[in-house]
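Visitor: Have a look at this one before I ask anything.
The values are calculated or read from the model by the stated rules, or taken from the named source; none is laboratory data. Predicted model only: the values in this text are computed from it and were never measured. Note that each Cβ is placed from the backbone with ideal geometry, even for glycine, and that neighbours are counted across all protein chains shown. Each accessible area value is taken on the protein alone, full model and side chains, heavy atoms only, with ligands, DNA and RNA left out. Shrake-Rupley method; radii C 1.70, N 1.55, O 1.52, S 1.80 Å.
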Amino acid sequence: MVELSFIDSAIIIFFLLLVLVIGFSVSKTSSKNTSQYFLSGRTMPWWLLGISMVATTFSTDTPNLVTDIVRTNGVSGNWVWWVFLLTGLLTVFVYAKLWRRSDVSTDMEFYELRYSGKAGKFLRSFRSIYLGVIFNVLAMSGVTLAAIKIGAIMLDLSAIETIFCAGGVTMIFSAVGGFRGVVYTDFILFFTAMAGSIGAAIYLVNLPEVGGMDSIINNENLSGKISIFPNLNDKETLWTLLIIPLAVQWWSSWYPGAEPGGGGYIAQRMLAAKNENHALGATLFFNVMHYALRPWPWIIVALASLIVFPDIESISNAFPNIEKDKLGQDLAYPAMLTFLPNGLLGLVLASLVSAYMSTISTHLNWGSSYVVNDFYKQLINQKASEKELVKVGRFSVILLMIVSSIIALLLTNAYQLFDIILMFGAGTGLIFILRWFWWRINAWSEIAAMLSSGIISIALTNESLFNLIFNDSTFPVYMKFPFIVFITTSIWLIVTFLTPADDKEILIKFYKKTNPGGPGWNMIKKDIKIDDEKEEWIVPKGILCMLLGCICIYSALFSTGYFIYGFIFEASLFLITSIVFSTLLYFYSKKLF
């Protein structure tokens, strides 16, 4: 446990009070109606929404997760989430405009806009609970688990004390301030979190126990950990960390914040934008910041932790009060923070509190929007007044917070949760990409994908069932994920052709409203006698911009890392590449704005 000085405590209390003040100051505006409470009246500029997206994904579990990955698989292990840049940029250059044109209140409302009949209505209500409650609660549990571990190591707080202090303030602020309060506080919390993570990395890497970056680079125990790319000679690692994520994972799997085709709280922010261009600008800004710049402070601290705490046993010896069921590699991050001096310690703790509050408040507001708009209003009381809906929203915020806190007490580490969510979404991503551009996909396609993915994931993650189905010597473990994707995709494609198509009236209405274009709608375009589109099909240029953007951002990511390592030639080469491709991206993307 570290001793907080007066200035450390003052910094933390200041940010907690600031968040509450902002929440209560915008409560009157947020209470007017559900559009204000969940979308801030659709008036938000791109830069504010972009910062909010970055702040939301800057959660307390993220540095813990990155630390777990680096300590287990090295820096190259981060490819399991770096590949989602492809998903993010596809959303930027193809789907951001389409989401804003749809003019829905939540991405669940999309289902009744796109699909017809009882199946469409069922899917909207079911997924509002499936994603807005079940998966949303799991995501919040991971964030809360990280907060519990940080509180236990740094402040010797029990799990209940951490949840009561940080969770209580966040719950009150989220219930009162709505989406507007979330976005406004995200702006402040983002800069606090960035300052804290960078300040901590600079100080900790220069500890006498670590010895600076040269010590990290030249340490024999870290020789296999600092590489940005997996070892090409290690077949299993190469397949697990690079080939499968790049070839299959990014387009096939649903994951919060990186949904193929956009969705979740990313879609919520696109729907809150002033117009299509602001939606596009917000998501582009988010992807640049999320992948190119933000990971390195966490990575550097994780590498330094391997010198100070080489294994879990050393962490356990240093912090004997930590419960055994909470011991894991992810504890190394908060363990390193205990070396920080007064002042910087307060800023870093405030940044972690900020990260926690930003993420949890977003998930609470987003999940609540599903419960209100897509479940309560559709199935419980269709005639509910706006005031009643806002009250239900606030009640659901409280309920979601309580349930997620209970689950957090049962979890062990963040990576465990990451794998669970990733496996459960395997094979569903292609539907979210194609449903905008292929008229034949229907509600039954999504229902089949969702059920089959979940059932197969449960079967293959159970070791005894896995051994019963496959012989371990002939079926590599790293092929689990592609296998789930293949089976799930095959099932939903078969179901698509075996079930009736959606009503043409619904399809025509959807096409006229969103104007997705492309050959997948040729049959519908013939019925409404559209020969020439008013605007060019967005997909070809969107994919080109996605590829240019990926090269640009990945090059910036590698350049930043190599500069930190002191590899000037490699860093300069990637920097030049990033500048060249960002220039190309600027000229090609102008036609999309």
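Visitor: Tell me which residues, restricted to the range 266-276, are surrounded by fewer than 21 Cβ atoms within 10 Å (Cβ to Cβ) and in a helix (DSSP H, G or I).
Guide: Across the range 266-276, the qualifying residue is only 276.
Visitor: With the structure loaded, tell me whether residue 210 is part of a loop (DSSP other than H, G, I, E, B) and either surrounded by 19 or more Cβ atoms within 10 Å (Cβ to Cβ) or acidic (Asp, Glu) (or both) or whether it fails that test.
Guide: It is true that residue 210 is part of a loop (DSSP other than H, G, I, E, B) and either surrounded by 19 or more Cβ atoms within 10 Å (Cβ to Cβ) or acidic (Asp, Glu) (or both).
Visitor: Then there's this: Would you say residue 561 is within 14 Å of residue 438 (Cα to Cα), in a helix (DSSP H, G or I) and open to solvent by less than 70 Å² (accessible area, probe 1.4 Å)?
Guide: No, not satisfied.
Visitor: Quick check on my filter: what residues within the range 100-112 are open to solvent by 10 Å² or more (accessible area, probe 1.4 Å) and over 19 Å from residue 42 (Cα atoms)?
Guide: If the condition is that a residue be open to solvent by 10 Å² or more (accessible area, probe 1.4 Å) and over 19 Å from residue 42 (Cα atoms), then 112 is the only one that fits.
Visitor: Same structure, new question: Residues to consider are 202, 228, 198; find the one that is among the β-branched types (Val, Ile, Thr) and without any contact (Cβ under 8 Å) to a residue 60 or more places away in the chain.
Guide: Exactly one of 202, 228, 198 is among the β-branched types (Val, Ile, Thr) and without any contact (Cβ under 8 Å) to a residue 60 or more places away in the chain, namely 202.
Visitor: In the range 73-83, what residues are surrounded by fewer than 22 Cβ atoms within 10 Å (Cβ to Cβ) and under 15 Å from residue 252 (Cβ atoms)?
Guide: 80
Visitor: Do we find that residue 239 is at negative phi and open to solvent by 50 Å² or more (accessible area, probe 1.4 Å) in this structure?
Guide: When the stated conditions are applied, residue 239 passes them.
Visitor: Would you call residue 147 touching a Lys or Arg at 6+ places or on another chain (Cβ under 9 Å), touching a residue at least 60 places away in the same chain (Cβ under 8 Å), farther than 30 Å from residue 566 by Cβ and among the small types (Gly, Ala, Ser)?
Guide: Considered against the rule, which asks whether it is touching a Lys or Arg at 6+ places or on another chain (Cβ under 9 Å), touching a residue at least 60 places away in the same chain (Cβ under 8 Å), farther than 30 Å from residue 566 by Cβ and among the small types (Gly, Ala, Ser), residue 147 comes out as no.
Visitor: Which fully enclosed helices (runs of 4 or more DSSP H) of the range 277-376 have 2 or more residues being open to solvent by less than 10 Å² (accessible area, probe 1.4 Å), touching a residue at least 12 places away in the same chain (Cβ under 8 Å) and out of contact with any Gly (no Cβ under 9 Å at 6 or more places or on another chain)?
Guide: By residue number, 295-308, 332-337, 344-369.
Visitor: Here's another thing I want to ask about it. From the residues in the range 246-303 that are among the β-branched types (Val, Ile, Thr) and under 17 Å from residue 549 (Cβ atoms), which one is modelled with the lowest pLDDT?
Guide: 266
Visitor: Please go through the range 381-440 and give me each residue that is open to solvent by 30 Å² or more (accessible area, probe 1.4 Å), modelled with pLDDT under 75 and among the β-branched types (Val, Ile, Thr), ordered by number.
Guide: 412, 420
Visitor: Scan the range 60-72 residue by residue and report those that are of a type outside the set (D, E, K, R) and either in contact with a Lys or Arg (Cβ under 8 Å, 6 or more places away or on another chain) or open to solvent by 10 Å² or more (accessible area, probe 1.4 Å) (or both).
Guide: 62, 64, 65, 70, 72 - these are the residues of the range 60-72 that are of a type outside the set (D, E, K, R) and either in contact with a Lys or Arg (Cβ under 8 Å, 6 or more places away or on another chain) or open to solvent by 10 Å² or more (accessible area, probe 1.4 Å) (or both).
Visitor: Taking the range 426-458 as the region of interest, how many residues are outside any helix (DSSP H, G or I), farther than 19 Å from residue 508 by Cα and among the hydrophobic types (A, V, I, L, M, F, W, C)?
Guide: Going through the range 426-458 one residue at a time, the tally reaches 1.
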